[in-house]
1. Looking at the range 687-714 only, could you name the residues that are outside any helix (DSSP H, G or I) and more than 20 Å from Asn862 (Cβ to Cβ)?
2. Would you check if Thr194 is among the β-branched types (Val, Ile, Thr), crowded, with 23+ Cβ neighbours inside 10 Å and either at pLDDT 90 or above or in the same structural domain as Asp312 (by TED's automatic domain parsing) (or both)?
3. Would you confirm whether or not the range 865-887 contains a residue that is in contact (Cβ under 8 Å) with a residue 40 or more places away in the chain, surrounded by fewer than 16 Cβ atoms within 10 Å (Cβ to Cβ) and in a loop (DSSP other than H, G, I, E, B)?
4. Can you pull out the residues in the range 720-740 that are crowded, with 16+ Cβ neighbours inside 10 Å, out of contact with any Lys or Arg (no Cβ under 8 Å at 6 or more places or on another chain) and assigned to a helix (DSSP H, G or I)?
5. Working carefully through the options Phe595, Phe576, find the one that is touching a residue at least 60 places away in the same chain (Cβ under 8 Å), among the aromatic types (Phe, Trp, Tyr) and in contact with a strand residue (DSSP E or B) (Cβ under 8 Å, 6 or more places away or on another chain).
6. When the range 578-597 is examined, which residues are found to be among the acidic types (Asp, Glu) and either in contact with a helix residue (DSSP H, G or I) (Cβ under 7 Å, 6 or more places away or on another chain) or part of a helix (DSSP H, G or I) (or both)?
7. Taking Leu656 as the residue in question, decide whether it is in the same structural domain as Gln842 (by TED's automatic domain parsing), in contact (Cβ under 8 Å) with a residue 12 or more places away in the chain, in contact with a strand residue (DSSP E or B) (Cβ under 7 Å, 6 or more places away or on another chain) and not small (Gly, Ala, Ser).
8. Would you mind stating whether Asn743 is of a type outside the set (D, E, K, R) and either under 33 Å from the mean Cα position of the chain (by Cα) or assigned to a strand (DSSP E or B) (or both)?
Amino acid sequence: MLSVRPLREAGTFRFLPYTVDFLHDNKIESKSNQTSPARPAPPKLAEVHRKPSVSSSIHSKHEEQPVSLLRRAPPSHIQLPKAPLRMLELEEFFTPGQPSAATHFPKPTDPRGLVRSDAHVPEWGASGLFFNQPQSRADPAPPDTILEYAKAQERAQAQKERMKGSQAGKLTTDPRWATDYKVVPAVQGNGGLTNALRCAVNNKCIKDVLTVGLIGFPTDSLDEDKKAEIYEKLEEEHEAFTVFVSDKDFDGHYAHYCKTILWPVFHYIIPDHPKSKAFLDHSWVYYVKVNQAFADKVVKNYKRGDIIWIHDYHLCLVPQMIRQKLADAQIGFFLHTAFPSSEVFRCLAARKELLDGMLGANLVAFQTNEYAHHFLQTCSRILSVEATEDGVQLENRFVNVWSSPIGIDPHELGIAREVPEVLEWIQTMQDRYKGKKVIVARDKLDSIRGVRQKLLAFELFLNKNPEWRDKVVLIQVATSTTEDTELAATVSEIVTRIDAVHSTLTHNPLVFLRQDIAFSQYLALLSIADALAITSLREGMNLTCHEFVICQDGKASSKKHSPVILSEFTGSAAIFDGADLEVNPWDYNNIAEAFKIALEMTDEEKETRYAKLRNIVMHQTGDVWVSNLSGHLAKVHEEQFKRDTMSIPRLSYNNLSRAYENSWKRLFILDYEGTLAAFGSVSNTVLTNTERVVDILNDLVADEKNAVYVMSGLTVNETELVFDRVRGLGLIAENGCFLREGNSDEWTQFPDEEKTVKWKESVKPILQYYVERVEGSWVEERHCSLIFHYERTYDNETSSRHAGDCANHINDACEQQRVKAVPTKDSVVIEPVDFDKATAAQHIFDKYPETARPDFLLVAGNDRSDENVFRWANQLKDKWVVPNVQTVTVGDRNSVATSTLTNGTTGLLSALSKLTKIRTTP
């Protein structure tokens with residue numbers, strides 16, 4: 001832990017890293033309800049070409065194949081093509097293994113062994129494939145059409161009314177599950193996260209890790225006593241808090257909303273078919289209920305000082321739900337998947353709710369800068385909030401946004417790679433493919449992993465390079481079947497075509513496995529490969545390539561240092577910095593060329609690329625990722641705590657007057673609108689008490705030790721109109737774009753006039769577009785800025801949405817012109833990036849000789865435009881450039897100012913008035 005306080009890390013995941021295996025002998029569900037099979041040993045070469053089994057086909061008919069996460073029967077219409085006979089013979093070389101491959105020498109104190117980084121449950125599989133567990137009692141999936149769905153809902157409601165109060169309507173438990181059980185490592189969940197936490201604990205980066213999650217199987221069949229018993233056992237022995245939800249809630253949350261609606265959108269696929277529409281209509285309720293169950297469990301077990309981490313898109317609402325109950329909690333949210341652009345994310349019906357939920361955290365973190373940028377842009381556009389490089393400014397809070405890529409555990413993986421079983425498989429595979437170049441790939445067979453694109457590119461490679469037909473083998477492991485029958489049929493056709501056209505009596509260039517393989521085989525494949533091919537259309541990270549790098553550096557007999565062919569749309573591509581062979585999965589020629597380059601690459605280039613890859617993988621490890629997240633969360637939480645209005649101390653007049661009296665040169669930089677005077681729009685607000693403001697400023701300027709500047713967002717002419725009665729007063733106009741020194745009539749303009757005219761010409765047509773669409777809106781033009789006002793509109797929600805679109809449009813179009821658009825509560829301010837109140841204040845400060853700098857600085861403001869000058873002044877204090885610095889906010893928003901005035905403008909004027917009465921000697 002990086003904090004000096006003894007804290008607990010509470011991690012909230014969809015699934016716990018543990019589950020339960022019931023020990024009774026009744027095979028209630030199917031023959032598959034048994035404990036995990038023993039790991040297979042390598043076959044003898046004489047046994048490789050065995051007679052093909054029927055179960056090897058893409059549509060397996062054996063009973064051991066359960067069907068969906070909650071194990072309902074497969075849709076009857078799915079009939080996928082069978083594999084070619086030759087392909088079945090080749091498949092027999094590999095032995096089916098667990099989907100998530102969790103079978104490596106667990107430590108005595110940790111029943112959770114090393115798991116494959118992309119551990120997951122197949123679409124038609126569950127932990128019940130390996131463990132004896134209950135079936136789901138969830139209702140069947142809703143019909144595929146909205147009309148049929150509506151009728152089904154009516155029938156269900158009528159049935160509910162008929163059974164109301166009757167015994168038949170009550171859910172009963174199943175006594176067959178009241179037997180003994182044992183806690184075992186779960187095979188589903190986020191394997192990369194599990195390994196990273198394990199690595200961090202082993203390396204003492206964190207301690208006292210508590211996990212909160214689902215048990216991993218349907219629980220409606222269990223009675224309350226059994227649930228309580230399981231809960232207590234997991235809590236006492238494994239520090240794991242189980243969240244129990246009904247089978248119906250879980251099925252609606254995961255299968256209907258997460259997988260059918262949310263997951264596709266996060267991967268740039270807009271679910272636009274009747275089935276998704278029907279799911280969307282009802283599944284949001286279940287998503288909310290499951291998220292609330294997680295939040296309630298965390299709140300119930302929270303202890304002051306705990307650090308709460310929520311992981312992935314299944315739990316987007318949990319941060320805000322916890323924040324509502326634990327206002328001061330330290331909460332982090334990490335999204336392991338990609339985050340789409342605002343154009344895609346806005347297609348979600350519950351877009352605001354999801355964003356608000358994530359923004360309940362102190363820190364929202366992503367795998368790459370690209371995803372973080374998309375999130376900031378989406379918040380600005382949809383919520384009409386100010387998004388900076390560091391995060392999102394909400395009404396009364398600031399939420400930091402950051403990126404930190406996850407890594408693997410190289411040490412444990414290196415050990416796993418050298419166990420005898422893996423080494424035997426390495427030798428077996430080397431003998432089997434002796435004289436051949438082997439390209440390896442392992443992907444889930446779904447719409448985003450790019451399997452179809454990869455196979456088509458490999459076919460193109462063979463067509464264009466006939467000399468490689470009998471020298472190369474692509475081994476593609478497809479880890480699950482899918483309900484996308486069109487994709488499955490297309491893939492099968494490609495496989496058949498490659499087999500028919502390019503196979504010979506002695507060689508087949510493609511081995512397509514419609515099954516997962518054992519972990520030992522997986523490590524052996526990565527070890528003997530001459531290239532790894534990953535062509536995902538979009539993927540949050542992909543740690544398979546990291547594991548490939550470690551497996552390529554084994555003992556001398558199996559050391560390869562082969563290249564990685566990697567899709568540019570994966571998170572890993574962003575951190576490998578060109579050491580991989582980056583490809584566009586939509587460009588088949590590009591992938592085919594990458595195959596050729598990888599196979600013909602010189603040893604020198606391989607070593608150069610590999611050295612860079614290994615350096616990145618070894619430094620960006622799982623424990624480093626955990627440490628970075630924990631450290632950054634602690635840092636931003638502390639900063640946010642200081643910025644909170646409840647944490648900022650009141651301005652001490654005694655300390656202020658003492659510092660004022662003992663100083664010999666003073667500098668005042670005071671904001672006008674909302675700080676020295678209550679202020680609204682310059683065109684329609686009558687300022688009150690201006691005489692008092694002018695009198696106090698005159699008194700301050702009269703002291704020759706004082707240099708006084710007033711900051712304003714007004715134009716030059718408007719600023720002069722208000723303050724020309726104060727002789728010797730320095731003025732800053734248009735939020736730092738103009739400066740006039742005291743006792744001078746000349747203004748200095750910081751932005752270049754020609755560039756200003758140019759960017760205005762670019763922005764005005766954009767603003768006109770939105771003015772025409774938002775009734776009552778108008779554009780105010782200042783010399784160096786433009787303001788799109790919509791406070792007079794009738795439909796605030798629509799206006800706010802258009803304002804977010806407007807800001808997003810301008811930021812995208814004018815990024816190169818150094819202009820930014822900032823959405824506020826009722827306007828969008830378009831202003832230069834390089835000039836603000838802080839740059840004007842620095843210009844003032846630089847005019848002082850180093851030996852004659854002020855030893856007293858007072859900066860006062862009230863809104864977001866004053867935050868930069870607060871930071872600037874605080875830095876002068878931190879660096880001891882100015883010994884006495886006081887930054888004061890008179891607003892009720894969170895701020896980096898070091899003090900606040902609870903009575904606002906009146907309090908500031910009162911404090912300044914008292915200072916003018918202090919008589920000091922020259």
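The values are calculated or read from the model by the stated rules, or taken from the named source; none is laboratory data. Being a predicted model, the structure only gives us computed values, none of them experimental. Ideal geometry is used to build each Cβ from the backbone, glycine not excepted, and the neighbour counts take in all protein chains shown.
1. Our first condition is that a residue be outside any helix (DSSP H, G or I); within the range 687-714, this holds for 687-689, 703-714.
Answer for the range 687-714, where residues must be outside any helix (DSSP H, G or I) and more than 20 Å from Asn862 (Cβ to Cβ): Asp703, Glu704, Lys705, Asn706, Ala707.
2. Values: among the β-branched types (Val, Ile, Thr): yes; crowded, with 23+ Cβ neighbours inside 10 Å: yes; either at pLDDT 90 or above or in the same structural domain as Asp312 (by TED's automatic domain parsing) (or both): yes.
It is true that Thr194 is among the β-branched types (Val, Ile, Thr), crowded, with 23+ Cβ neighbours inside 10 Å and either at pLDDT 90 or above or in the same structural domain as Asp312 (by TED's automatic domain parsing) (or both).
3. Within the range 865-887 (the criterion being in contact (Cβ under 8 Å) with a residue 40 or more places away in the chain, surrounded by fewer than 16 Cβ atoms within 10 Å (Cβ to Cβ) and in a loop (DSSP other than H, G, I, E, B)), the answer is no, since none of the residues qualifies.
4. Within the range 720-740, the first condition is being crowded, with 16+ Cβ neighbours inside 10 Å, and the residues that meet it are 722-723, 726, 728-740.
The next check asks that each one be out of contact with any Lys or Arg (no Cβ under 8 Å at 6 or more places or on another chain); those that pass are 722-723, 726, 728-729, 737-740.
Scanning the range 720-740 gives Val722, Phe723.
5. Details: Phe576 fails: touching a residue at least 60 places away in the same chain (Cβ under 8 Å).
From the options Phe595, Phe576, the qualifying one is Phe595.
6. Let us first name the residues in the range 578-597 that are among the acidic types (Asp, Glu), namely 580, 582, 587, 593.
Across the range 578-597, the qualifying residues are Asp580, Glu582, Glu593.
7. Details: in the same structural domain as Gln842 (by TED's automatic domain parsing): yes; in contact (Cβ under 8 Å) with a residue 12 or more places away in the chain: yes; in contact with a strand residue (DSSP E or B) (Cβ under 7 Å, 6 or more places away or on another chain): yes; not small (Gly, Ala, Ser): yes.
Against the criterion (in the same structural domain as Gln842 (by TED's automatic domain parsing), in contact (Cβ under 8 Å) with a residue 12 or more places away in the chain, in contact with a strand residue (DSSP E or B) (Cβ under 7 Å, 6 or more places away or on another chain) and not small (Gly, Ala, Ser)), Leu656 qualifies.
8. Working: of a type outside the set (D, E, K, R): yes; either under 33 Å from the mean Cα position of the chain (by Cα) or assigned to a strand (DSSP E or B) (or both): no.
No.
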